[in-house]
Amino acid sequence: MHSEVIKLALFGLLGLLSAVTANRTVAIYQDGLRTSVIELWAGVKTRRDLAAYSYKVSLGFVLVYALPYSLVTGIVMIHIICLGTDTIGLRIKNSVVAGLAGATYAIGASALVSSIFLGLRHLPPAIPNLHLIWAPLAYSLPLLGVATASEQRGFRAALYTFVLTMSVWALAAYGLHTFHDGILLGGVVALGVTMAVLVALALREKSSAPADLSFFEDKIARVRRNWLWLLPIGAVIAVLASQRWIGGEPIQVAMLSLHQNYLAAAVAIFSVFGYLPVQGMTGLVSGIWNQDGYPDWFLAVGFLVSNPIGAAVGGAALMGFELVSLRWVARLLTTRPGITSLGHATRGAMDVVPNLAVLAGGVTAASTTGGPAGALAVVGLYILNDKKGRPVVPLAVPVFAYLLVALAAGVAKHLGVPA
Amino acid sequence: MVKIAVTGIGKERIAELALASGGGEVQVEIKTDLEAAFAVKAKQADYYIGACQSGAGGALGVATAILGSSDAVRLSGTGTLPDLEEVAQAVREGRHAFGIMHSHIESVVPVLVREMVEKSKTSGQV
């Protein structure tokens, strides 16, 4: 299975399906674009308008969010493929041409990421210290639950969940000490327990208004009608994930880079709590679904099931489950506001914890590579970006900075400058 | 009194900034995106402010579906800095729903809310 040709073919298939579904307004990856596409049917907007908006919304996401992580790990972030194919599928009117263009784009993007990643390996000492960037993130993952509680419920809740998380972690790590990486596995257990408590609390909050699902009925029917397009995409995404060729967001990609598949899967499942409300509601109000379903549980299946056939079945089954459960999700999101708040908090936590952990990792890696000047460069660039109003996503700054330090160290070594 | 419904990542901070910038002239309610969008549609709220990672999805996606893209505008996003003149202009143009990248809440919300209050005072309209 580990052949570059098969890899490119699978990325091509994902690009083709993703562009065709965007073209036929079956599925749109970008949550903000999904609801704008309704206006194409009403004649308010043209394909050119929507493609321009898609490009505008997506470009920054691809360049300063997804690309740095993909280039340093060699693992393609799904944003690079699906945001690009959103634009392609909407801009090109003919479905066949859009599909071919999408496939070409996806193959090109995958090949570019692989080439640059391989190129970086010839830039000593860029890659050898890369794992140091991600290590603090792997250790901090259980704190995602604490940060979620903090975002949603404030300091006191954060304190309680911190104590809960640390206690469960200690107990689980003790119970799992015979396993390889028992400590990290214990952290996953702690995160799971904390999130179960937060979900239970969120479900207790009820909306005062009675559920009226009539607004969603025609949209639910439209999404379900397109099952034949959607199920294969779930399968392809899971197969790509099963080979660690694709990831859903920076934390997953970082964990895959450390060969910690189950940590990547834990984060992918955690992100479902964050994205189910936004993906679910934008899908339910538009009748247009997401190629990646509720991000990123198709990927989680792939991270856990290395057999490609098993992963394909799992991915398609999860997409099928999403389609079957649409009405239930509509009821959940309209009657349980706590779930939507939990989603906001979860997405916030996915910034708070990694921002600090990757900064710590970036400083460690850069100082190992470039000495005190390396650490100075990472912290300095982080501060400058912050003071400039954060034109670069803070999560990406330490990675960019580390690459600069590695490049400088490589050049210095080449020129014989002592470190 | 300008009524603002806020939602999304950092909604509590948006509410704090809106109240601090509104000089006692604003009323803020934290809602889900669907509730906030329908509140504006039903004229129970004058404005909608949402935030997310892109300023478009979780921030504005549902509002765009409910209110239409002519009423909903993305003010900042990933990889770019917000243009504060455009922020104020969006209010003057009569838009009612605004999406912001959550990293830009601190710079955008005060300008946005002051413009809402100014518009309300000078024209009596929102």
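What number goes with the only condition from (1) among the small types (Gly, Ala, Ser); (2) touching a helix residue (DSSP H, G or I) at 6+ places or on another chain (Cβ under 6 Å); (3) without any contact (Cβ under 8 Å) to a residue 60 or more places away in the chain that residue A:18 does not pass?
Result: residue A:18 passes all but (3).
Just need a number here: residues in region A:139-177 that are open to solvent by less than 80 Å² (accessible area, probe 1.4 Å), more than 22 Å from residue B:102 (Cα to Cα) and under 24 Å from the mean Cα position of the chain (by Cα).
3
Looking at A:50, A:33, A:90, which one is more than 10 Å from chain B (Cβ to nearest Cβ) and touching a helix residue (DSSP H, G or I) at 6+ places or on another chain (Cβ under 9 Å)?
Selected residue: A:90, the only one of A:50, A:33, A:90 that is more than 10 Å from chain B (Cβ to nearest Cβ) and touching a helix residue (DSSP H, G or I) at 6+ places or on another chain (Cβ under 9 Å).
For region A:96-112, does any single residue satisfy the condition of being open to solvent by less than 20 Å² (accessible area, probe 1.4 Å), within 23 Å of residue B:59 (Cβ to Cβ) and not in a loop (DSSP other than H, G, I, E, B)?
No: zero hits.
Need the failing condition index for residue B:122 against (1) crowded, with 17+ Cβ neighbours inside 10 Å; (2) more than 20 Å from residue A:349 (Cα to Cα); (3) β-branched (Val, Ile, Thr), just the number.
Going through the list (1) crowded, with 17+ Cβ neighbours inside 10 Å; (2) more than 20 Å from residue A:349 (Cα to Cα); (3) β-branched (Val, Ile, Thr), residue B:122 breaks only (1).
Quick check: is even one residue across region A:59-69 farther than 18 Å from residue B:54 by Cβ, within 13 Å of chain B (Cβ to nearest Cβ) and among the aliphatic types (A, V, I, L, M)?
No, region A:59-69 contains no residue that is farther than 18 Å from residue B:54 by Cβ, within 13 Å of chain B (Cβ to nearest Cβ) and among the aliphatic types (A, V, I, L, M).
Condition check ((1) open to solvent by 60 Å² or more (accessible area, probe 1.4 Å); (2) of a type in the set (Phe, Trp, Tyr); (3) free of Cβ contacts under 8 Å to residues at least 24 places away in the same chain) across all residues:
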{"site": "A:6", "(1), (2), (3)": "yes, no, yes"}
{"site": "A:24", "(1), (2), (3)": "yes, no, no"}
{"site": "A:27", "(1), (2), (3)": "no, no, no"}
{"site": "A:45", "(1), (2), (3)": "no, no, yes"}
{"site": "A:59", "(1), (2), (3)": "yes, no, yes"}
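Can you pull out every residue in region A:337-348 that is at the interface with chain B (Cβ under 10 Å from one of its Cβ atoms) and in contact with a helix residue (DSSP H, G or I) (Cβ under 6 Å, 6 or more places away or on another chain)?
Within region A:337-348, A:338, A:339, A:340, A:341, A:343, A:345, A:346, A:347, A:348 qualify.
Can you tell me which condition residue A:374 does not meet? The list is (1) within 30 Å of residue A:201 (Cα to Cα); (2) buried (at least 18 other Cβ atoms within 10 Å of the Cβ), and all the others hold.
Against the list (1) within 30 Å of residue A:201 (Cα to Cα); (2) buried (at least 18 other Cβ atoms within 10 Å of the Cβ), residue A:374 comes up short only on (1).
Among the numbered conditions (1) open to solvent by 10 Å² or more (accessible area, probe 1.4 Å); (2) in a helix (DSSP H, G or I); (3) not hydroxyl-bearing (Ser, Thr, Tyr), tell me where residue A:278 comes up short.
(1)
Matching residues to (1) open to solvent by less than 10 Å² (accessible area, probe 1.4 Å); (2) aliphatic (A, V, I, L, M); (3) farther than 28 Å from residue B:51 by Cβ:
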| position | (1), (2), (3) |
| --- | --- |
| A:201 | no, yes, no |
| A:204 | no, no, no |
| A:258 | no, yes, yes |
| A:274 | yes, no, no |
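With respect to residue A:301, determine if the residue is β-branched (Val, Ile, Thr), surrounded by 17 or more Cβ atoms within 10 Å (Cβ to Cβ) and either in the same structural domain as residue A:245 (by TED's automatic domain parsing) or touching an Asp or Glu at 6+ places or on another chain (Cβ under 7 Å) (or both).
Working: β-branched (Val, Ile, Thr): yes; surrounded by 17 or more Cβ atoms within 10 Å (Cβ to Cβ): yes; either in the same structural domain as residue A:245 (by TED's automatic domain parsing) or touching an Asp or Glu at 6+ places or on another chain (Cβ under 7 Å) (or both): yes.
Yes, satisfied.
Pairs please, first residue from region A:276-289 and more than 7 Å from every other protein chain (Cβ to nearest Cβ) and over 14 Å from residue A:217 (Cα atoms), second anywhere and aromatic (Phe, Trp, Tyr) and open to solvent by 10 Å² or more (accessible area, probe 1.4 Å), Cβ atoms under 6 Å, 6+ apart in sequence or on different chains.
none
Going through region A:183-229 one residue at a time, which ones are touching a helix residue (DSSP H, G or I) at 6+ places or on another chain (Cβ under 8 Å), closer than 24 Å to residue A:317 by Cβ and in a helix (DSSP H, G or I)?
A:188, A:192, A:195, A:199, A:216, A:219, A:220, A:223, A:224, A:227, A:229
Which of the numbered conditions does residue B:41 fail, given that it passes all the others? Conditions: (1) away from chain A (no Cβ under 14 Å); (2) open to solvent by 10 Å² or more (accessible area, probe 1.4 Å).
The failed condition is (1).
Restricting to helices (runs of 4 or more DSSP H) lying wholly in region B:47-126: which have 2 or more residues that are more than 8 Å from chain A (Cβ to nearest Cβ) and modelled with pLDDT under 90? Steps first, answer last, please.
On the way: elements: B:61-67, B:84-92, B:105-123.
Per the criteria, B:105-123.
Could you tell me whether residue A:43 is within 23 Å of residue B:101 (Cα to Cα) and either within 14 Å of another protein chain (Cβ to nearest Cβ) or in a helix (DSSP H, G or I) (or both)? Break it down into steps so the answer makes sense when it comes.
Working: within 23 Å of residue B:101 (Cα to Cα): no; either within 14 Å of another protein chain (Cβ to nearest Cβ) or in a helix (DSSP H, G or I) (or both): yes.
In short, no.
The conditions are (1) surrounded by fewer than 17 Cβ atoms within 10 Å (Cβ to Cβ); (2) assigned to a helix (DSSP H, G or I), and residue A:180 fails exactly one of them. Which is it?
All conditions are met except number (2).
Among the residues that make up region A:70-77, is at least one of them within 12 Å of chain B (Cβ to nearest Cβ) and within 19 Å of residue A:234 (Cα to Cα)? Give the derivation first.
Step one: list which residues in region A:70-77 are within 12 Å of chain B (Cβ to nearest Cβ), which gives none.
Checked region A:70-77: no residue is within 12 Å of chain B (Cβ to nearest Cβ) and within 19 Å of residue A:234 (Cα to Cα).
The values are calculated or read from the model by the stated rules, or taken from the named source; none is laboratory data. All values derive from a computational prediction rather than experimental measurement. When we count neighbours, we look across all protein chains shown, and the Cβ atoms used for this are built from the backbone with ideal geometry, even at glycine. Side chains included, ligands, DNA and RNA excluded: accessible areas come from the protein's heavy atoms. Shrake-Rupley method; radii C 1.70, N 1.55, O 1.52, S 1.80 Å.
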